[in-house]
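The values are calculated or read from the model by the stated rules, or taken from the named source; none is laboratory data. These numbers were taken from a predicted model, which means no experiment stands behind them. Cβ sites come from the backbone with ideal geometry, for glycine too, and all protein chains shown count toward neighbours. To get the accessible areas, we keep the full protein, side chains included, count just its heavy atoms, and leave off ligands, DNA and RNA. Shrake-Rupley method; radii C 1.70, N 1.55, O 1.52, S 1.80 Å.
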Amino acid sequence: MTAGVSERAADDRAVAGFRDAMASFPSGVTIVTTTDERGRWCGFTATSFCSLSLDPPLTLVCLARTARCHPGFLAASSWVIHMLAPEHAGLAMRFADRDADKFGGGEFVANAQGHPVLPGACAVLECEAFARYDGGDHTILVGRVTAAAVRPVDPAVYFRRGFHALPA
């Protein structure tokens, strides 16, 4: 029994160390949105986002399987990725809270597909579903970029569990 307990303790320490290490890696902050099968808007905050391919233009973002919006994204044929500015830190925290009224602030407008779009984002990527993969406790969503818009605004950076602006 002590071997099992000590193995669990070692696993817990490894997970805690992994979380701390990942928090020490600066990343951009995104909100990903779509419309579920009933036409309701849904979305989540993600720092696990990156470009994947230029030909074709692909991105990937990771969504926790426990997220309330997970079923909506599994069924979605398209979604929108928003790269956030520092003034969107509160919005990012709202979208990270599974119990929050994510769209209650009125910041979003509908695009041609009916998906919520944040007009003030640094960049907005409209994506068609390309592939989905198992990623442990997450699903990896790969999207083919069909449209992109960029504003001349510096992005938010998430580092050591806090939001930061790039130095001028």
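Being among the acidic types (Asp, Glu), in contact (Cβ under 8 Å) with a residue 40 or more places away in the chain and within 21 Å of ALA76 (Cβ to Cβ) is the filter here, so list the residues in the stretch 113-168 that pass it.
Correct list: GLU126, GLU128, ASP137.
Just one of the numbered conditions (1) without any contact (Cβ under 8 Å) to a residue 40 or more places away in the chain; (2) in contact with a Cys (Cβ under 7 Å, 6 or more places away or on another chain) is not true of LEU60; which one?
In the conditions (1) without any contact (Cβ under 8 Å) to a residue 40 or more places away in the chain; (2) in contact with a Cys (Cβ under 7 Å, 6 or more places away or on another chain), LEU60 misses (1) alone.
List pairs: first in the stretch 86-110 and among the β-branched types (Val, Ile, Thr), second not in a loop (DSSP other than H, G, I, E, B), Cβ under 9 Å, 6+ apart or cross-chain?
Once the first residue is among the β-branched types (Val, Ile, Thr) and sits in the stretch 86-110, its partners that are not in a loop (DSSP other than H, G, I, E, B) give VAL109/PRO116; VAL109/VAL117.
Are any of the residues in the stretch 1-18 within 23 Å of ASP137 (Cβ to Cβ) and assigned to a strand (DSSP E or B)?
No; the residues of the stretch 1-18 include none that is within 23 Å of ASP137 (Cβ to Cβ) and assigned to a strand (DSSP E or B).
Among the residues in the stretch 49-69, are any open to solvent by 30 Å² or more (accessible area, probe 1.4 Å), among the charged types (D, E, K, R) and closer than 18 Å to GLY143 by Cα?
Yes, that holds for at least one residue.
Going residue by residue through the stretch 28-44, is there one that turns out to be under 26 Å from ALA112 (Cα atoms), open to solvent by 40 Å² or more (accessible area, probe 1.4 Å), assigned to a strand (DSSP E or B) and modelled with pLDDT of 95 or more?
Within the stretch 28-44, one or more residues are under 26 Å from ALA112 (Cα atoms), open to solvent by 40 Å² or more (accessible area, probe 1.4 Å), assigned to a strand (DSSP E or B) and modelled with pLDDT of 95 or more.
Looking only at residues that are open to solvent by less than 50 Å² (accessible area, probe 1.4 Å) and in a helix (DSSP H, G or I) in the stretch 91-105, which one is nearest to ALA64 (Cα to Cα)?
The selected residue is PHE95.
Do you know which residues across the stretch 61-77 are under 18 Å from HIS115 (Cβ atoms) and assigned to a strand (DSSP E or B)? Steps first, answer last, please.
Taking the stretch 61-77 and keeping what is under 18 Å from HIS115 (Cβ atoms), we get 61, 63, 67-77.
If the condition is that a residue be under 18 Å from HIS115 (Cβ atoms) and assigned to a strand (DSSP E or B), then VAL61, LEU63 are the ones that fit.
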